[in-house]
Amino acid sequence: MPLSHNSRARKRRTGDSLLLLALGAAGLVSGSWIVQAYLSKSSTKAPSTGPLVIEQFSEESVHQFATPYVDKKKLKDGWFPPEPWGVWSKALVSELSIPIGETYSDTRISAQIRAFAAQEVKIEANGTQIAKWRLGTKTSTQTATVPRSLVNAARSLEIKFTVERLASPSEDGKSRDARQLGIGLTSLTLAH
């Protein structure tokens, strides 16, 4: 069975031949794939045992929503045009579509995000709620985990943010901006 592109293997012991048994029975232990292997001088002698550790390393992708770095194809319904700091949502429900290949673990989402008016925001991934974030008016880092089963079926993440309410900067006299704003998104990092 070939290793995935984001995995590396290292041998703890050396030998002339390596007979790898029960790769399919490998389990995830403390962030590493542990596989029992048999190392021996030749295939006719009784093998001595030693572990072969295949470590699963995290692959990270950062998605920026500030101009000029934003890929506008990722912004679906519910967003104003991007600005130099990021993008505001303009609807109670706003959506992102982020392509993601096959994964071998859950995907961790880390968002640089804020709300125009402090409130709770519901987050869904591929139609399943994965988190509720309580957002203030200052940018913070919020995290959630997308189970592997939700990602592998779709090969993309359809992320939906649902806010309780929209508010306008002109309502409190802070500016003449009459737009109704929900959340402000600067970046989204996916790690798997």
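The values are calculated or read from the model by the stated rules, or taken from the named source; none is laboratory data. Please read these numbers as outputs of a predicted model, since none were measured by experiment. Every residue, glycine among them, receives a Cβ derived from its backbone with ideal geometry; neighbour counts consider all protein chains shown. Ligands, DNA and RNA are excluded from the accessible area calculation, which covers all protein heavy atoms including side chains. Shrake-Rupley method; radii C 1.70, N 1.55, O 1.52, S 1.80 Å.
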Practice problem: Restrict the check to segment 67-88 and report whether at least one residue is in contact (Cβ under 8 Å) with a residue 24 or more places away in the chain, in a loop (DSSP other than H, G, I, E, B) and of a type in the set (A, V, I, L, M, F, W, C). | Solution: yes
Is it the case that some residue within segment 142-152 is at pLDDT 95 or above and either under 23 Å from residue 67 (Cβ atoms) or charged (D, E, K, R) (or both)? yes
How many residues of segment 92-109 are within 18 Å of residue 180 (Cβ to Cβ), surrounded by fewer than 18 Cβ atoms within 10 Å (Cβ to Cβ) and of a type in the set (Ser, Thr, Tyr)? The answer is 0
If we ask which residues in segment 75-91 are buried (at least 20 other Cβ atoms within 10 Å of the Cβ) and over 15 Å from residue 181 (Cα atoms), their number turns out to be 1
Scanning segment 132-177 for residues that are over 26 Å from the mean Cα position of the chain (by Cα), among the acidic types (Asp, Glu) and open to solvent by 50 Å² or more (accessible area, probe 1.4 Å) gives 171, 172
